[in-house]
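Structure first, then comments.
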Amino acid sequence: MRTQKVLAVAVFVCLFIMLGGLVSAHHSTAGYDKAKTVPLKGTVSEWIWRNPHCILVWDVKDANGKVQRWYGEMQSPISNTGMGLNRNSFKPGDELIVTVNPGANGQALVLTIADGQGKMILERGRFAEDGAGGNR
């Protein structure tokens, strides 16, 4: 009986070590420029509420008026719910200021979200202290 328990623990530890790299690779932020923090003011195009990560899609106009579409990766729906967000938090046409670590091809890692007037909704992966986003 004791041998079976030791063997089960050993198998679990081996699997954890072998698969740990896969989980860590899935959550890697290597594709984002962590040295750059860029605020992007724009209009929500879509709020995709799905696993494994929610995606905020918004359009930003540059100085010449050309629109660039950004795709911001966020936490999972369950994590976002814990931060006060839900599937109806952002609607097409909402104006937001999204601070990101930019990646390639308009993809970004979302750091903060404020409404169009600058009132914080989400700060560094947690709900804003003033509760601005709780009723969203």
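The values are calculated or read from the model by the stated rules, or taken from the named source; none is laboratory data. Because the structure is a prediction, the values reported are computed rather than measured. Note: ideal-geometry Cβ built from the backbone for every residue, glycine included; neighbour counts use all protein chains shown.
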Q: Say whether the condition of being assigned to a helix (DSSP H, G or I) and modelled with pLDDT under 90 is met by at least one residue in segment 25-37.
A: yes
**Q.** Where Gly131 falls short, out of the listed (1) modelled with pLDDT under 90; (2) in contact with a Ser or Thr (Cβ under 7 Å, 6 or more places away or on another chain)
**A.** (2)
Q. If you go through segment 88-98 one residue at a time, do you hit one that is surrounded by 10 or more Cβ atoms within 10 Å (Cβ to Cβ), outside any loop (DSSP other than H, G, I, E, B) and either among the polar types (S, T, N, Q) or at pLDDT below 90 (or both)?
A. no
Q) For segment 99-119, how many residues are under 18 Å from Ala35 (Cβ atoms) and part of a loop (DSSP other than H, G, I, E, B)? A) 0
**Q.** Single condition Met74 does not satisfy, out of (1) of a type outside the set (S, T, N, Q); (2) closer than 14 Å to Val110 by Cβ; (3) modelled with pLDDT of 95 or more
**A.** (3)
Q.
Tell me the residue from Asn88, Asn51 that is among the polar types (S, T, N, Q) and either over 16 Å from the mean Cα position of the chain (by Cα) or over 22 Å from Gly31 (Cα atoms) (or both), please.
A. Asn88
Q.
Among the residues of segment 41-69, what is the count of those that are farther than 20 Å from Leu85 by Cα and either outside the structural domain of Asn101 (by TED's automatic domain parsing) or assigned to a strand (DSSP E or B) (or both)?
A. 6
